[in-house]
Structures are given as C-alpha cells and as structure tokens.
1. How charged is the neighbourhood of residue 503? Take every other residue with its Cβ under 11 Å from the Cβ of residue 503, and add Lys/Arg as +1 and Asp/Glu as -1.
2. What number results when the radius of gyration of the range 174-310, computed over Cα atoms, is divided by 2.2 N^0.38 Å?
3. Round to the nearest 10 and report in Å² the accessible area of residue 78, as given by a 1.4 Å probe over the protein chains' heavy atoms.
4. So which trypsin sites (Lys or Arg not before Pro) in the range 478-532 are both in a DSSP loop and have at most 11 other Cβ atoms within 10 Å of their Cβ?
5. If you find the alpha carbon centre of the range 490-569 and of the range 459-473, how far apart are they in angstrom?
6. How would you order 103-115, 416-428, 336-348 from highest to lowest mean count of nearby Cβ atoms within 10 Å?
7. Sequence neighbours fewer than 8 away in the same chain don't count; with that in mind, list the lysines whose C-alpha is under 21 Å from residue 158.
8. Go through 278, 133 and list them by solvent-accessible area, largest first, probe radius 1.4 Å.
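The values are calculated or read from the model by the stated rules, or taken from the named source; none is laboratory data. In this text, all values refer to a predicted model and were calculated from it rather than measured experimentally. Neighbour counts are summed over all protein chains in view; Cβ atoms, including those assigned to glycine, are modelled from backbone coordinates with ideal geometry. These accessible areas exclude ligands, DNA and RNA; they are computed on the full protein's heavy atoms, side chains included. Shrake-Rupley method; radii C 1.70, N 1.55, O 1.52, S 1.80 Å.
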Amino acid sequence: MFGLEKPAGQREPGRSGGLPKMASVGDFNVLSSSIPATKIIFISFFFYRNLLDRDTFSKSDPICVLYTQAIGNKEWREFGRTEVIDNTLNPDFVRKFIMDYFFEERENLRFDFHDVDSKSPNLSKHDFLGQMFCTLGEIVGSQGSRLEKSIVGIPGKKCGTVIVTAEELGCCRDSVLMQFCANKLDKKDFFGKSDPFLVFHRSNEDGSFTICHKTEVVKNTLNPVWQAFKISVRALCNGDYDRTIKVEVYDWDRDGSHDFIGEFTTSYRELSRGQSQFNVYEVINPKKKGKKKKYVNSGTVTLLSFLIETEVSFLDYIKGGTQINFTVAIDFTASNGNPSQPTSLHYMNPYQLNAYGMALRAVGEIIQDYDSDKMFPALGFGARLPPDGRVSHEFALNGNPQNPYCHGIDGVMEAYYRSLKCVQLYGPTNFAPVINHVARYAASVKDGSQYFVLLIITDGVISDMAQTKESIVNASKLPMSIIIVGVGPAEFDAMEELDGDVVRISSRGRFAERDIVQFVPFRDYIDRSGNHVLSMARLAKDVLAEIPEQFLSYMRVRGIKPSPAPPPYTPPIHVLQTQI
C-alpha cells in the first residue's frame with residue numbers, strides 16, 4: 001500500500017531537484033555531488049487513546065488514514081492506512097509511515113479515524129470517528145518529537161486523543177569511511193606508467209548511473225593506494241544496501257581526455273564485509289575483453305578498510321530539546337511609500353497580504369513549529385515614534401520595549417498592522433541595531449539549548465553597511481542565523497555581499513567564522529498565476545534550506561553534542577478488572 005514502510009532492499013525513488021541522472025567524468029564537481037538531496041526520511045508511529053465508540057454491542061474496530069497536502073494546493077491526498085485493530089478504543093497501531101522531511105517546507109498532515117464495519121476499502125462505508133490536523137514540523141518540533149493532540153470533527157462529542165511520534169531512519173544518517181588500493185593496472189602513458197583514479201556511480205531507478213564520488217589522482221604508478229574518503233550512505237546507494245554501485249578506473253590526462261582502464265560493480269552490502277577475499281575486484285575493460293581471447297583483466301582493486309560512522313543530525317538536537325527562537329525585524333523607512341496608498345509596499349489590502357506579510361508568514365509559520373512557547377520578538381527599524389517623533393532602528397512592534405514578544409505569527413501580524421497606524425515611516429535603513437539586539441540574547445545562551453533566527457524584511461539599500469558587516473562578523477560566533485528578504489523593485493546588489501556565499505564577509509580584517517546570512521529578493525518567488533501560497537512556499541524553501549547546516553556548523557565548531565532525547569513513549573497498560 002502506498003506510503004507504508006518499504007521492505008529491506010526496496011528502493012526509495014529520488015526527489016526532483018537532485019543530481020541529474022547521468023554525468024560525465026568531466027562534469028563532476030566533487031564539492032557539490034557528494035549528497036544527492038537534503039532530505040531525511042522519517043518513520044512515524046501512532047498511538048491513540050479513548051476513541052469514540054460507534055459499535056452497539058462491542059467496541060470500535062479503528063483504522064487511521066493519513067492524508068497530505070501538496071504545496072499551493074488545498075486538495076488532500078491519501079498517503080497510507082494503518083492496519084485495523086479489532087474491538088478497542090485504545091489502539092496501538094504497529095504499521096509505520098515513511099515520509100520525506102524537509103526543514104524548509106511546511107508539510108500539512110491530516111489523520112482520519114474510522115470504525116471499520118466491513119471488508120470494503122471505501123471509507124464512506126465505515127463510521128467516521130474524528131480527525132486531527134497538524135504539520136510534520138509540529139511533530140518534529142514537539143518535546144521528544146512526540147505530539148499529543150485532541151481528535152475533532154464530530155460536534156458535541158469528545159473524540160479522544162492522538163499521540164504521534166517521529167523518528168529518523170538510521171540508514172539516512174550513516175556515512176562510510178573507505179579506502180582502496182589497486183594492483184597491476186594497465187599501463188596507459190607512453191613515457192610513464194598510469195596516473196589512476198576511481199569514479200564511483202550510484203545506480204538510478206531507470207538503470208542509469210549518477211556519479212557520487214571521485215578519488216584523488218595517484219601519479220605514475222600501476223599499484224596505487226588512494227586516500228581514505230567519507231561518503232554518506234544516501235549518496236552511495238540511496239539507503240538501498242543491494243543497489244548496484246559501479247566503479248570505473250581511469251588514467252588521468254592533463255587535457256581532460258582521461259583514458260578508461262576498466263570497471264567493476266559491487267554493492268553496499270558486499271562492501272560492508274570489509275577487507276576480505278570478497279572485496280578484491282577484477283577491473284574489466286569490455287572492449288579489450290571482446291577483442292582479445294586471452295584477456296583476463298586490467299588489474300585488480302582491493303578494499304582496504306570499511307568503517308561505518310553515524311552522523312549527528314539537526315533532528316538529534318531538536319529531539320534533545322534545542323529550541324529555535326525566531327525574531328522578525330521590519331523596515332519602516334519612507335521609501336516603502338505611504339501605507340494608505342495602494343502603491344505602498346506596506347499597503348494593508350483587505351483581500352490579500354502585502355509583500356511584508358507574505359514573507360513574514362512564509363518563514364514564520366515554518367519556524368514556529370520549533371519554538372515551544374510560540375512567543376516571538378517583533379521589531380521595527382527606520383521609523384519616527386510617538387509621542388516625540390524620535391527616530392528608532394530597534395523598536396517593539398507591540399509598543400512595549402520591555403516585552404516585545406508577540407504570541408504566534410498571528411500576533412506578530414497584528415502588531416505589524418498596529419504599528420503602521422501609529423508610527424511615521426522615515427529612515428535611514430540600518431540593520432546593525434536589530435542584529436545586535438538578537439546577538440545579545442544569543443550571546444547569553446551558548447550551550448546548544450537555543451538557536452536564534454532573525455528575519456529582516458527590507459525594501460531598500462542598506463545605509464550602515466560597515467556597522468552591519470561588523471555585527472555579522474561578531475554574530476557568526478554565536479548560535480544565530482540571519483535571513484534577509486528584499487521586497488519591492490529596488491536593486492539589492494549590496495545585500496549579495498552580506499550573503500557571503502561567494503566571498504566570506506569580513507570587517508576590519510576579521511572574517512566571519514561561519515556563513516550565517518541568506519539573502520533573497522522576494523520578486524524572484526512571485527508566482528505569475530497569482531498563487532500567493534505557492535509564492536510563499538517557494539520563498540520559505542529557499543531562505544530556510546541553509547538553516548540546518550548553519551545550525552550544525554555552530555554545534556560542530558563548539559563541540560556541542562545533542563542532549564539525550566526523552567525516553568520513547570510507552571503506551572499505558574490497560575488492566576482488566578476481574579471479580580474474585
């Protein structure tokens with residue numbers, strides 16, 4: 001049944017947007033091709049308590065049906081079903097769902113419960129017991145990745161409680177450290193021996209191959225020993241231990257026309273046997289084999305070592321209790337235009353969100369799942385404040401500088417709209433004060449229990465570039481990341497310098513310890529058909545995709561390990577009362 005746990009060895013289909021299916025040796029980029037996708041597979045377990053009883057002479061026979069919703073689409077599609085458990089109001093379902101998890105995407109889930117009355121697969125033939133709505137992020141972000149919510153859907157009835165937990169699949173986190181050597185390879189160079197290197201290919205569903213690793217070149221030898229290298233199990237075989245891995249042996253040439261020596265195939269399962277007679281491979285050149293009757297091989301390649309390492313993941317920290325703290329800072333400079341005019345970027349259209357509102361909701365609605373109290377500081381900059389008209393670059397949108405927190409993203413939106421009615425848009429566009437504001441909080445919590453994300457939404461060219469660069473360099477040592485979304489038609493060339501993807505940002509001779517800034521112009525994500533939900537989803541996907549790696553880079557540099565996760569949920573034992 002679609003969506004249920006796959007048996008060992010069954011292949012998980014790749015996701016669009018990963019590596020191309022075929023790549024030549026010359027196209028291979030060793031920096032970008034080691035991991036096929038940024039996805040982590042989850043298993044979800046489900047336990048339910050005190051379901052509604054629909055059967056007259058016995059208890060319900062419940063089943064749970066999981067539905068998902070495509071991005072920008074309100075239609076719910078069935079993902080999978082659990083087994084039916086007979087005659088109980090407190091079922092513990094055994095069947096698991098395997099889902100792809102992306103921090104940067106909002107995955108809406110719906111769980112429907114039915115009392116099965118016949119063998120019909122048609123759910124309308126069975127009694128409806130209620131439903132529960134949540135996001136995958138809510139489950140992951142809950143304490144211990146365990147979410148408990150009430151079942152709703154039948155007016156006037158208490159429908160019970162659902163408990164959902166999420167767990168990362170082990171094979172997605174494993175990496176292997178391998179080393180190979182070769183013996184008696186074919187001589188390819190006229191004035192020397194050969195300069196051999198290995199190219200590893202992962203097989204795809206359609207039988208094609210994708211390059212996943214290339215070793216260094218060992219010069220002038222027919223008996224090379226290559227350096228040990230590390231590769232994720234996902235990159236090597238997509239988590240399928242029996243998937244074919246093809247290894248090609250080449251002789252390196254300066255002009256890029258590398259000479260093919262031969263090839264062999266193996267699998268993760270075979271390699272995992274380690275150094276043994278099973279991992280000595282004959283290198284075969286098919287053309288030579290077809291032409292020469294006495295051809296044996298073009299040398300051998302031997303596995304010298306195979307060591308499995310389990311990587312610490314972003315989800316280990318979240319499950320261990322690390323909180324993601326979200327702060328928003330909004331540009332209130334005069335270049336945005338008069339908020340009462342439809343041409344203004346701050347115009348409050350009663351029928352749809354403005355660009356500021358869309359950017360805020362797109363990012364905030366995902367991050368809020370990882371913050372337990374859902375209280376978010378909301379700041380503004382570049383406005384004149386009542387009653388004296390002083391210019392501020394760090395003011396609370398709710399008007400309370402001692403407590404700038406708003407409840408949930410809806411609370412932030414309300415405070416934003418309220419501020420537009422009582423402050424005067426002014427200038428200039430200064431980022432440093434709001435960056436320093438969040439940095440002060442981040443500097444007080446360096447133990448890995450909290451991580452801070454600042455979203456700055458702006459329309460214009462930055463005025464305090466030198467101070468902002470200094471602030472970012474200082475903040476790069478702290479547990480924080482900065483997202484900058486540019487709205488409106490302005491040129492944002494200066495923002496690219498802050499992003500640091502090409503050249504690491506520096507200030508007064510000091511370079512940022514980590515890349516912590518992600519900048520995007522919102523206009524690049526506007527859907528031409530006018531689908532604002534799709535625009536927001538695209539924006540969130542791009543600006544949040546780097547957060548898990550930025551988070552992990554801080555933890556690695558500081559040597560911070562995840563806190564132990566709470567013990568797994570154990571359903572209570574239902575004791576039967578008997579009379580003696």
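1. Combined, the nearby Lys, Arg, Asp and Glu give -4.
2. Cα Rg divided by the expected 2.2 N^0.38 Å: 1.04.
3. We get 80 Å² for residue 78.
4. Hits after loop and neighbour filter: 508, 528.
5. The range 490-569 and the range 459-473 have Cα centres separated by 17 Å.
6. Values: 103-115: 21.0, 416-428: 17.2, 336-348: 15.4.
Output ranking for 103-115, 416-428, 336-348: 103-115, 416-428, 336-348.
7. 59, 149
8. Values: 278 110, 133 90 Å².
If we order 278, 133 from most to least accessible, we get 278, 133.
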